[in-house]
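Quick notes on the structure that follows.
Readers should treat all values here as calculations from the given coordinates under stated rules, not as data from a laboratory. In this text the structure is predicted, and so the values were computed from the model without any measurement. Reconstructed Cβ throughout: ideal geometry from the backbone, glycine too, with neighbour counts over all protein chains shown.
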Amino acid sequence: MSEVRAHVWNGFVIGLFLVSYVINIGYSRAWKKWPAIVSGCVFLLVAAHGYFTAGTAETQLMARVLWVWEFYVFAHLGISFVIAGVIATPGCEMRAFHDAYSRLTGNPTKEHYCPIGPLNPIDRWEARKGQS
């Protein structure tokens, strides 16, 4: 059972760090850290419910909520990378859905660099390359 628990919690910290970027950049929102705060509050509520009803926060409900949440965060990110590679989305890969929508409808979309990590210099290089 402890191995199952470890796998469920495996992507929690990284997902909590990424969820605000995935939502804000992926949907062109400026909700700052609210997606992470709301996610954390949902986890706390589910944990409290489990604690008061079953005596432990690590319930089947908590495992399912975490799994669905992690699946969404990492699937959105992964599919964004695939789409960005296929259609050559400039800037941050997390906005590939917006770029695809923009290309299909003709509505302009904002350029956005990856906010952190190793992809930021690559995004800036792409932007400089596109300007020349």
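In whole Å, what are the extents of the stretch 1-89 along the principal axes defined by its C-alpha atoms, from largest to smallest?
On the principal axes, the stretch 1-89 reaches 50, 28, 15 Å in Cα extent.
In nanometres, what is the gap between the two model label sites at Val82 and Ala30, each 7 Å from Cα along Cα-to-Cβ?
3.3
What ranking do Glu58, Glu93 get, fewest neighbouring Cβ atoms within 10 angstrom at the top? Before the final figure, lay out each step's value.
Working: Glu58 18, Glu93 24.
The most exposed by this proxy come first: Glu58, Glu93.
Using a cut-off of 10 Å between beta-carbons, work out the net charge of the residues near Ala84 (Lys and Arg +1, Asp and Glu -1, Ala84 not included).
On the way: positive: Arg95; negative: Glu93, Asp99.
Spelling it out: positives minus negatives among the neighbours equals -1.
Quickly work out the Leu45-to-Phe71 label distance, labels modelled 7 Å from Cα along the C-beta direction, and quote it in nm with one decimal.
The two pseudo-label positions are separated by 2.1 nm.
Compute the distance in nm between two label points, each set 7 Å from the Cα along the Cα-to-Cβ direction, one at Leu104 and one at Ala54.
Spacing of the two 7 Å Cα→Cβ label points: 3.9 nm.
What length, rounded to one decimal in nm, is gained on full extension from Phe12 through to Arg128, with 0.36 nm per residue of separation minus their alpha-carbon distance? Present the calculation step by step, with values, prior to reporting the outcome.
Details: separation 116, 0.36 × 116 = 41.76 nm, distance 3.51 nm.
That pair, Phe12 and Arg128, stretches by 38.2 nm at full extension.
In whole Hz and in residue order, list the ³J(HN,Hα) couplings for the stretch 51-61 that follow from phi through the Karplus curve 6.51 cos²θ - 1.76 cosθ + 1.60, θ = phi - 60°; x for Gly and Pro.
5, 6, 9, 10, x, 8, 7, 8, 9, 4, 4
Please rank Ser28, Ser39, Ser80, fewest neighbouring Cβ atoms within 10 Å first, as an exposure proxy. Intermediate results must be reported in sequence, preceding the final value.
Numbers: Ser28 13, Ser39 20, Ser80 23.
Arranged by neighbour count, lowest to highest, Ser28, Ser39, Ser80 become Ser28, Ser39, Ser80.
Per the Kirkwood formula on distinct C-alpha pairs, the Rh of the stretch 34-81 is how many angstrom?
Working: mean 1/r = 0.0871 Å⁻¹.
The Cα-based Kirkwood calculation yields 11.5 Å.
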